[in-house]
1. Please verify whether region 122-130 includes one or more residues that are closer than 20 Å to S56 by Cβ, at pLDDT 90 or above and among the aromatic types (F, W, Y).
2. Among D54, D122, D102, D89, which is the only one that is out of contact with any Phe, Trp or Tyr (no Cβ under 8 Å at 6 or more places or on another chain), under 25 Å from S142 (Cα atoms), of a type outside the set (A, V, I, L, M) and surrounded by 13 or more Cβ atoms within 10 Å (Cβ to Cβ)?
3. Take residues that are under 12 Å from S51 (Cα atoms) and tell me which of the strands (runs of 3 or more DSSP E) falling wholly in region 105-156 contain 1 or more.
4. Tell me which residues, restricted to region 74-120, are touching a residue at least 40 places away in the same chain (Cβ under 8 Å) and more than 21 Å from the chain's Cα centre (by Cα).
5. Looking at (1) under 20 Å from G38 (Cβ atoms); (2) hydrophobic (A, V, I, L, M, F, W, C); (3) at pLDDT 95 or above, which one does V87 not meet, given that it meets all the others?
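The values are calculated or read from the model by the stated rules, or taken from the named source; none is laboratory data. Since we're looking at a predicted model, the values are computed, not measured. Reconstructed Cβ throughout: ideal geometry from the backbone, glycine too, with neighbour counts over all protein chains shown.
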Amino acid sequence: MSADMPDPLKLLLDIEKRSHQVGSELFAPPASKPEWRGIVFRVGELTLAVSDADVSEMLTIPDVTWVPGSQTWLLGIANVRGELVPVVDLRRFLFEEPVNEDKHTRVLILHHRLVRTGLMVDEVWGMQRFLVETHTDTIPESTQPVRAYLNGSYADEAQRIAVLSVHTLVEDERFLRAAA
């Protein structure tokens, strides 16, 4: 080899080093903004969300055993994977009119502390991510009748979606008095 030619091994090592530097910049994940994840669902005409951390599963309507002497909004008790879970018609609880059961009707199994509760809703639209910075204490005008159970709202591309507070709902005195 002549003195003017670079050492091939050093040249390859230099190329590898530079490619790792450039490659790591190209494939680094973009800086992301904090997100809140919620399960978006419909109750009557309202679109609401609940934190996905509060939902353990979504079911089609399970077999429910009626509980004599209970409120009309308590549909009964369901056996969900060996555990007895009360199932509440959320629409009837909030608006005194029952969910119209059809192929879209779902039961969200919520867990709060040691309590699991099933909420029957008209339709579940799935999990959605919201930027934390879009959260506000303001709630959409259409949700005023259920304001006591809400914890602000998040914005998506088309609308503001109110957040149902599982804590507030399941610790509400009326909710706890399922006996008629």
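1. Yes, the conditions are met somewhere in region 122-130.
2. Values: D122 fails: out of contact with any Phe, Trp or Tyr (no Cβ under 8 Å at 6 or more places or on another chain); D102 fails: surrounded by 13 or more Cβ atoms within 10 Å (Cβ to Cβ); D89 fails: out of contact with any Phe, Trp or Tyr (no Cβ under 8 Å at 6 or more places or on another chain).
Result: D54 is the single residue among D54, D122, D102, D89 that is out of contact with any Phe, Trp or Tyr (no Cβ under 8 Å at 6 or more places or on another chain), under 25 Å from S142 (Cα atoms), of a type outside the set (A, V, I, L, M) and surrounded by 13 or more Cβ atoms within 10 Å (Cβ to Cβ).
3. Values: elements: 106-112, 115-121, 123-131, 150-155.
Passing ranges, in order: 106-112, 123-131, 150-155.
4. L74, L75, A78, F95, E97, E101, listed by residue number.
5. (1)
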